[in-house]
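Working notes, structure below.
The values are calculated or read from the model by the stated rules, or taken from the named source; none is laboratory data. Note that the structure is predicted; figures quoted are calculated from it, not measured. Cβ coordinates were reconstructed from backbone atoms using ideal geometry, including for glycine residues, and neighbour counts include every protein chain displayed. These area figures cover heavy atoms from the full protein model, side chains too; ligands, DNA and RNA do not enter into them. Shrake-Rupley method; radii C 1.70, N 1.55, O 1.52, S 1.80 Å.
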Amino acid sequence: YAKGEQLGTSIGLLNYVWDVQIARQIGYSFSVLHTVGYSTIAIQEMNLATKYPIIYWNTACLSSNAGAINEEDYFNLLNQGVIDISDEEDKRKANKVQYGKVAAAIGKFRHDLGVKIELPDINIARFGFTPNAQENSIVFGMKGVSRIGDALINNIMDKRPYVSLNDFLDKMVEGNKKLISKDRVINLIKAGAFDKVEKIPREQILMNYINQIADKKNRVNLQNMLMLIRKGLLPSEFDEESKIYMFTKYLRTNKFRGSYYILDDIAMEFYNERKYPQHKLQRLNNAGETITVVSIGYWDSIYETSMNKVRDWMKRDQEKILNQLNELLFKEEYEKYAEGNLLRWELDALNFYHSGHELEGVAEQLPILISKLDNIPDNEIIGEFNFDGKVFPKYQIRHIFGTVLDKDKQKHLVTLSTPEGVINVKVYRTQFAKYDHVHSHFDEDNNKVVDEESFFKKGTFLVVSGIKRGDVFVPKVYRTTGVEVITKIDVVDGKVKKAYNKS
């Protein structure tokens, strides 16, 4: 303005130049320094996209879309002061893997672009996604495997290469300290990390490992008595010996003066029921209180005589008992860690399906028509209706189904993995609270009170009715639709067993 007035330019023209040519672009114009930064990034991207195999560019894009910044780079940027963590909330967000976002990004790249995503190979995988130019694929990062933390990933990378699972287990020990717990080894197995080094089916790898950790016994003796009792492996003919064994364990927690067992009311009842001699009992003074005791020598002789019957049985049927016990120990460990099928293992460990989908072929069993994501138009209007004097569009209600991968309570989003891909379901706040609520109710079928978990718990199968708006699906029904907006279904071995509505 000052220069224009000095040159004799009219105020009208100066206002026009300012209002039309300058002011309108202030909100989005860049300083020179800002422009240089963006230009530098653009040149780097161009170099990556043109000078390297395309899988490098795809990996960079997938990492960005999934929010999976390479961990080493992230901390380098922190140390160099390029980025800053300002408060505890930022720190929590920085350490939290957004599994729903990762799964959605992977689903888009696999489905829309046909990019091959490999399982996290124990000899190749790093923190984040890694390009494998030889295979033209992207290797999933170990940071995305459940319960696998930064320190463990560094140890795994430091001790490479591995030729087998056992080689890995041997190297994951420093001195007497194990660097990895068995549940984390199992998660890596479920994630497919040892598929290539073992070259056998994943189910067999997991079974072999559980055989190693099942604490199988080499022989059975009286030290295993309690285990045999608890696992129901002691024959009924030894019911009395079992009771004497448990009674003796109880007595040995109440010794007196090193020579007696104290018999409290519970012990006295057991003693008297079996009509053991009363003259073997003594009444002694204990800090002014009269107590009943039995000598350790006398009772232990009864115990040893009783246990000799069990010892004879153990010697006679040693091999049979050992096989039964070890089979049971393996079964318990297997049921604890290997429940479900390979797809469920992938969901547990990777938080997405890699080898297929648990709901493949299930749609035909449902009483409503399930639409494929690709075939659902956005905001599909089929008419209009009047309400309270106003005209509203009427939408075509579609039905989708899938597995819950993740939820965001703040944004009221549920990430759903359908057989065709991953989509976010945008649930209205009141609906979200209703379906996320956990409470107990009476199950009439089983005649008992059960805890009803959140419908949005990871791994739950849901049918959602509503409309598609861009990249999200919005639950919505009309009175005439005939179904709830969200229904939970039980699916076992590809068969629909039951459907639930939120009471």
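List of remarks:
- Cα gyration tensor shape of the range 131-173, rounded if a/c is under 1.5, else prolate or oblate by comparing a/b with b/c: oblate
- If you wrap the Cα atoms of the range 328-418 in a convex hull and average its projected area over all directions, you get 10.3 nm².
- A 1.4 Å probe run over the protein chains yields, for the range 162-211, 48 Å² of accessible area per residue, whole-number rounding.
- For the pair LEU179 and SER31, the difference between a 0.36 nm per residue extended length and the Cα-Cα distance amounts to 48.2 nm.
- The residues of the range 219-270 present an accessible area of 58 Å² per residue when probed at 1.4 Å with all protein chains retained.
- Segment ARG469..TRP57, full-extension length gain: 145.4 nm, with 0.36 nm per residue of separation and the alpha-carbon distance subtracted.
- Measuring r between the beta carbons of LYS409 and LEU48 and using R0 = 30 Å, the FRET efficiency lands at 0.25.
- Taking amide H as placed 1.01 Å from N in the peptide plane, ARG126 has its amide H under 5 Å from the amide H of MET142, each at least 5 places away in sequence or on another chain.
- Efficiency of FRET from Cβ geometry, SER10 and ASP170, R₀ 60 Å, rounded to 0.05: 0.10
- Alpha carbon centroid spacing (whole Å) that separates the range 308-377 from the range 169-190: 22
- Simple point charges give the picture: +1 on the Cβ of Lys and Arg, -1 on the Cβ of Asp and Glu, and for the chain a dipole about the Cα centre of about 520 debye.
- Here is how the number arises for the chain: DSSP H runs of 4 or more residues each give -39500 (n - 2.57), the sum is divided by the residue count, and the result at 222 nm is -12000 deg cm²/dmol.
- Taking 0.36 nm per residue of separation and subtracting the Cα-Cα distance, full extension of the segment from SER454 to GLN212 would add 83.5 nm.
- Long-range amide H partners of GLU380 with built H, under 5 Å: GLN396, LYS468
- Dipole-positive endmost among LEU222, PHE127, PRO161 within the chain (Cβ charges, Cα centre): LEU222
- Spin-label model, ALA151/TYR478: points 7 Å from Cα along the beta carbon direction are separated by 6.0 nm.
- Burial ranking of peptide ranges 149-160, 43-54, 456-467 (average Cβ count within 10 Å, highest at the top): 456-467, 149-160, 43-54
- Relative contact order for the chain: 10 percent, from Cα pairs under 8 Å spaced at least 6 residues apart, divided by residue count.
- Apportionment of accessible area to carbon and sulfur, the chain, percent (1.4 Å): 50
- Amide H contacts under 5 Å for VAL491, placed H, 5+ residues apart: LYS497
- Dipole magnitude of the range 348-480 about its Cα centre (Cβ charges: Lys, Arg +1; Asp, Glu -1), debye to nearest 20: 680
- Across the range 8-16, computed HN-Hα scalar couplings (Karplus, 6.51 cos²θ - 1.76 cosθ + 1.60, θ = phi - 60°) run x, 6, 5, 5, x, 5, 4, 4, 4 Hz from first to last residue, x flagging Gly and Pro.
- Förster-model FRET efficiency, 25 Å R0, ASP378 and SER64, C-beta, rounded to 0.05: 0.50
- Accessible area per residue in Å² at 1.4 Å probe, computed on the range 1-67: 76
- Over all other residues within a Cβ to Cβ distance under 14 Å of ASP348, the charged ones net out to +3, with Lys and Arg as +1 and Asp and Glu as -1.
- For the chain, projected area of the alpha-carbon convex hull averaged over all directions, nm²: 44.4
- Positive minus negative residues near GLU135 (Lys, Arg vs Asp, Glu; Cβ under 9 Å): 0
- Computed from backbone phi, the HN-Hα couplings of the range 141-158 come to x, 5, 4, x, 8, 4, 6, 9, x, 4, 4, 5, 4, 4, 4, 4, 5, 5 Hz, rounded to whole numbers (Karplus: 6.51 cos²θ - 1.76 cosθ + 1.60, θ = phi - 60°; Gly and Pro given as x).
- With one equal scatterer per alpha carbon and no solvent term, the Debye-computed log10 I(q)/I(0) for the range 136-214 at 0.21, 0.22 1/Å reads -1.06, -1.17.
- Phi to ³J(HN,Hα) by Karplus 6.51 cos²θ - 1.76 cosθ + 1.60 over the range 222-227, Hz, x for Gly, Pro: 5, 5, 9, 4, 4, 4
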